[in-house]
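Visitor: Got a structure here, written out as structure tokens. Questions coming.
The values are calculated or read from the model by the stated rules, or taken from the named source; none is laboratory data. Bear in mind that the values here come from a model prediction, so they are computed numbers and not experimental data. As a convention, Cβ positions derive from the backbone with ideal geometry for all residues, glycine included, and neighbour counts pool all protein chains shown. In case anyone asks, the SASA skips ligands and DNA or RNA and just uses the protein heavy atoms, side chains included. Shrake-Rupley method; radii C 1.70, N 1.55, O 1.52, S 1.80 Å.
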Amino acid sequence: MAMVLSQQLDHHHQSSAARIHRMPAVPLSLAAIQEFGEDCYLYSDSDDEGSLFSIDFNCINHKNMKPDQIVQEEKVYHVAVDLMKSETSMDALLWTLSQAVAHPSSNIKTLYHVKLVHVFPPVHFIPSPLGMLPRSKVSPKMVKNYLAQERDRRTKLLEKYVAACSTAKIKVDVMFIESGTTAKAILDLISTGNVKILVVGTTKSSLRKLRSRKGTGVANQILRNASPETSCCDIKIICKGKELVIDQIIGSPSSRSTRMANKFGKVETHIDIKGAAERFYDVFLNRPHHIPNMITSQTRAKLPSVDLHGDDHQSGGAVGTLVSWNYIQDGKAKVAKEIIEAIDKENNLLTWKVIGGDLLEHYKSFKFILQVTSRSGDQASSVVHWILEYEKVNDNVPDPHALLQLVIEINKDIDAHLNT
């Protein structure tokens, strides 16, 4: 089974003995990497087989970012790097970097983050004065020294990939996975880690084998062996700098189509209210942080607080406003971090996109859409239309009916508050 030596550099997953040295926010040379020496690595408590190590090259200094540059969304690409097929790996990386350059956003500050995934074979033999000896037959010190040399060698071979990200000013990490089977190791990483986008390069010859469902290339094996557990990951296959449409290559079996269709969903409701449409709409657009004070104590127990962030902490009402909804579900405190994605004041239409929090553990994407419409000929009553659009990470995730019910309760309380 593949041994993941480094996943995401999440402080909650590091051991107390771990130590990380952040690399500088400039293009990196090998000399610069070597200057930091062993502090470039993330250590586990021992250097036995499968010990954990990673290199974190941060190409953006977040502390020096201006207020209007605060990151509100992070998009992470995992790029498979095969040192034996450097041309296809570099094609995959350059395509990934082009996505960051081609999709800037003036309203949503997006941080693009590349994680280079390099799978290397297990180390079973260690060189010694007596020749190559089994790892178990040499001293722990010799094993540690040899593994350190291997890390240095692989770091040097990966330098051009790191430099490409640094030049493009894209944050980059290197992930090492020790496994005898590259495709399986990557699929295991998708299943156990939070891998949303995987980019893999391939050659034209491998592409022909892919169409016939043959071949032993990494891309071929990943697509052939993908399971429902990996369906939450958007797999991108790159050939000669272009993304391939997977369904056109390998077809769309009915089971795969059904599974994909079941992942996308929408629940909605219409709520009659007594007040004017504009007044109700204004609460969600400009004063969402006042909502807990407008609802009953029973409902407030389910929505204790709503927070605005950044320069919008006093008022909302702008595309890009970041809102955190703190709610209780199944007795557990949860949060939905959302950004206002679209505003149409003429039609009292508002769209939020979830960019963080508990919902993204179960849904690949999630949006809340609100529209308030006056009843024809009656400006004193209106209809509130809520739509929850989402994509599940897998078929086992339930539709968010409980969340929709909470929205209904909140709306009814606000309506009563505005008309008392």
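Visitor: Top to bottom by accessible area (1.4 Å), largest first, where do Arg135, Arg224 land?
Guide: So, going from the largest accessible area down, we get Arg224, Arg135.
Visitor: A further question on this structure: Taking the Cα-to-Cβ direction at Thr373 and at Asp344 and moving 7 Å from each Cα, how far apart do the two end points lie in nm?
Guide: 1.1 nm
Visitor: Further question on the same structure: Scale the Cα Rg of region 298-420 by the rule-of-thumb value 2.2 N^0.38 Å and send over the ratio, two decimals.
Guide: Dividing the Cα radius of gyration by 2.2 N^0.38 Å gives 1.11.
Visitor: Okay, next question. Where does each of Val195, Val335 land when they are ordered by accessible area, with a 1.4 Å probe and the largest first?
Guide: Final ranking, largest accessible area leading: Val335, Val195.
Visitor: I want to check the label-to-label distance for Lys332 and Ile197. Put each point 7 Å from Cα in the C-beta direction and report it in nm to one decimal.
Guide: Spacing of the two 7 Å Cα→Cβ label points: 2.8 nm.
Visitor: Could you sort 403-414, 143-154, 121-132 so that the peptide with the highest average Cβ count within 10 Å comes first and the rest follow in order?
Guide: Packing order, densest peptide first, comes out as 403-414, 143-154, 121-132.
Visitor: Going by average Cβ neighbours within 10 Å, how do the peptides 279-289, 169-179 rank, with the highest at the top?
Guide: So the peptides 279-289, 169-179, ranked by packing, come out 169-179, 279-289.
Visitor: Further question on the same structure: So which of Lys184/Lys334; Lys184/Lys364; Lys196/Lys412; Lys169/Lys337; Lys171/Lys266 end up more than 29 Å apart by C-alpha?
Guide: Lys184/Lys334; Lys196/Lys412; Lys171/Lys266
Visitor: Here's something else I'd like to know. With each label point set 7 Å from Cα along the Cα-Cβ vector, what nm distance links Val123 and Leu94?
Guide: About 3.3 nm separates the two model spin labels.
Visitor: Subtracting the Cα-Cα distance from 0.36 nm times the residue separation, let me have the gained length for Ser139 to His417 in nm, one decimal.
Guide: Using 0.36 nm per residue and subtracting the Cα-Cα distance, I get 92.7 nm.
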